[in-house]
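No lab work stands behind these numbers, since they all come straight from the coordinates. Not measured: the values here are computed from a predicted model. Cβ placement follows ideal geometry from the backbone for every residue including glycine, while neighbour counts extend to all protein chains displayed.
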Amino acid sequence: ERSASRERSSRLPARPGIAGMEPYGAPQLDVPHLLNVNENPYPPSAEVVETIARDVAAAAGGLNRYPNREFLALRSDLADYLATESGVRVAPEQVWAANGSNEVMLHLLQAFGGPGRAALSFAPTYSMYPEYARDTLTEWIAGRRETDFTVDPDVATAAVLEHQPSVILLTSPNNPTGTTLPSSTVRAVCEAALAVDVDGAPAVVVVDEAYGEFRRDGVPSAMELLSTYPNLAVSRTMSKAFALAGARVGYLAASRDLVDVLRVVRLPYHLSAVTQAVARAALKHSATLLAQVDALRAERDATVEWLRSRQLAGVPLEVADTDANFVLFGSFDDRHAVWQGLLDRGVLIRETGPDGWLRVSIGTPQDMVAFKDALVEVAGL
Ligand code: PMP
């Protein structure tokens, strides 16, 4: 009977592109050192938890009603935070938010991609982008990064002009490499985007700054270019630096016109009253929540230095420059064996990036000691 029902379910009309696909996601395992999805290892403090619990309780009293569809109070708080963090002030109407920056990106592709249109990015990069494209029937084009994982502005400009995408995704710092883009490269891509003709309009450039707060001193944010380019969106998240991955809050800043297009494709009430309350409560504590970012940056730089001092059969390990809360390193003949060996020692990292490379998220000092000890043992560094 079971095989009869399997037979029946295998005949569901999943559309081409979806049929037979596995859902995206890294393993969620119960091990002591979780260093595989770039989470912040520090849970919210008791003080933050208390504010969140109080504000959620207040919101709970109104849950018979749909939440505020425009959530301008949250957008205003996010605008204030962005002004403090980047020095660039935008109006609340220039901010958009959704359930994680994953959903923000989906809104962008739903609004600006679609059949007959293409999205362009530069690989290796975040592995969800092709899925947003697939789910919005947008053609996916992977441009290339250089061997040091930077984006050459001339190569990028040529790719934009050749493929005429309606959406260009730049990731800075990039996942999984940690590479940031200089302003000059973002500018070059924005200029090329203005020369694209998508039904008479220029292309939209999205700079995904999910890891923006971890950038090293002196590295700019694309926020600075917003007033110059009405076709630019800068995306951020509360999942990483804010240590709030479980709350699912991502957001972007862009021109009012761009945000108004996103308002058309969102589902009504997509951001629950509980989510809005959690995000606003957390933003009241942004200073406390972000206090760990400096510690994580220092731990990251120390991890890079340590990895660079190691040799594999007499050859120094390769370690990508990183402005994020993770490090990509390699290269191993059998990276899966190294990954498995670390997991056997309670350290979960990620098999991603070019062949032979591995990515480790920055955890607590204890996590990093466990990681280093395990790696020395497993890889014989
Ligand atoms: N962009 C990049 C580059 C990411 O690495 C991630 C998370 N891994 C996201 C966006 C999505 O994060 P979230 O949906 O939690 O905001």
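Couple of notes before you dig in:
- Burial ranking of peptide ranges 20-27, 304-311, 346-353, 238-245 (average Cβ count within 10 Å, highest at the top): 238-245, 346-353, 304-311, 20-27
- Where labels lie 7 Å past Cα in the beta-carbon direction, separation of residue 184 and residue 31 in nm: 4.2
- Top of 237, 138, 147 by mean-square fluctuation, Gaussian network on the chain, Cα under 10 Å: 147
- Karplus 3J(HN,Hα) series, Hz, for segment 23-36 with 6.51 cos²θ - 1.76 cosθ + 1.60 (x for Gly, Pro): x, 6, x, 6, x, 9, 10, 9, 10, x, 10, 8, 10, 10
- Estimated Rh, the chain: Kirkwood, alpha-carbon pairs, angstrom: 22.0
- Taking each residue as 0.36 nm, the span from residue 46 to residue 197 lengthens on full extension beyond its C-alpha to C-alpha distance by 49.1 nm.
- Net length available on complete extension from residue 216 to residue 369 is 52.8 nm, with 0.36 nm assigned per residue and the Cα-Cα distance removed.
- On the basis of the beta-carbon distance and an R0 of 51 Å, residue 56 and residue 161 show a calculated FRET efficiency of 0.55.
- GNM flexibility winner over the chain from 51, 288, 228 (Cα, springs under 10 Å): 228
- Rounded to 5, percent antiparallel among DSSP beta bridges of the chain: 50
- Principal axis dimensions, segment 18-131 - Cα atoms, whole angstrom, descending: 44, 42, 38
- Among 327-338, 357-368, 203-214, the peptide with the highest mean count of other Cβ atoms within 10 Å heads the list, and the full ranking is 203-214, 357-368, 327-338.
- Using distinct alpha-carbon pairs, which all enter the 1/r mean, Kirkwood radius of segment 120-223 in Å: 13.8
- For residue 312, the residues whose amide H sits under 5 Å from its own are 317, ignoring neighbours fewer than 5 places away on the same chain, with H placed 1.01 Å from N.
- The charge dipole of segment 47-286, taken about its Cα centre with unit charges on the Cβ of Lys, Arg, Asp and Glu (plus for the first two, minus for the last two), comes to roughly 680 debye.
- With Cα atoms defining each centre, segment 63-120 and segment 31-53 are spaced 24 Å apart in the structure.
- Between the C-alpha center of segment 167-202 and that of segment 246-284 there is a gap of 23 Å.
- Using θ = phi - 60° and Karplus 6.51 cos²θ - 1.76 cosθ + 1.60, couplings along segment 204-219 (whole Hz; Gly, Pro as x): 8, 10, 10, 9, 8, 9, 3, 10, x, 5, 8, 5, 6, 4, x, 7
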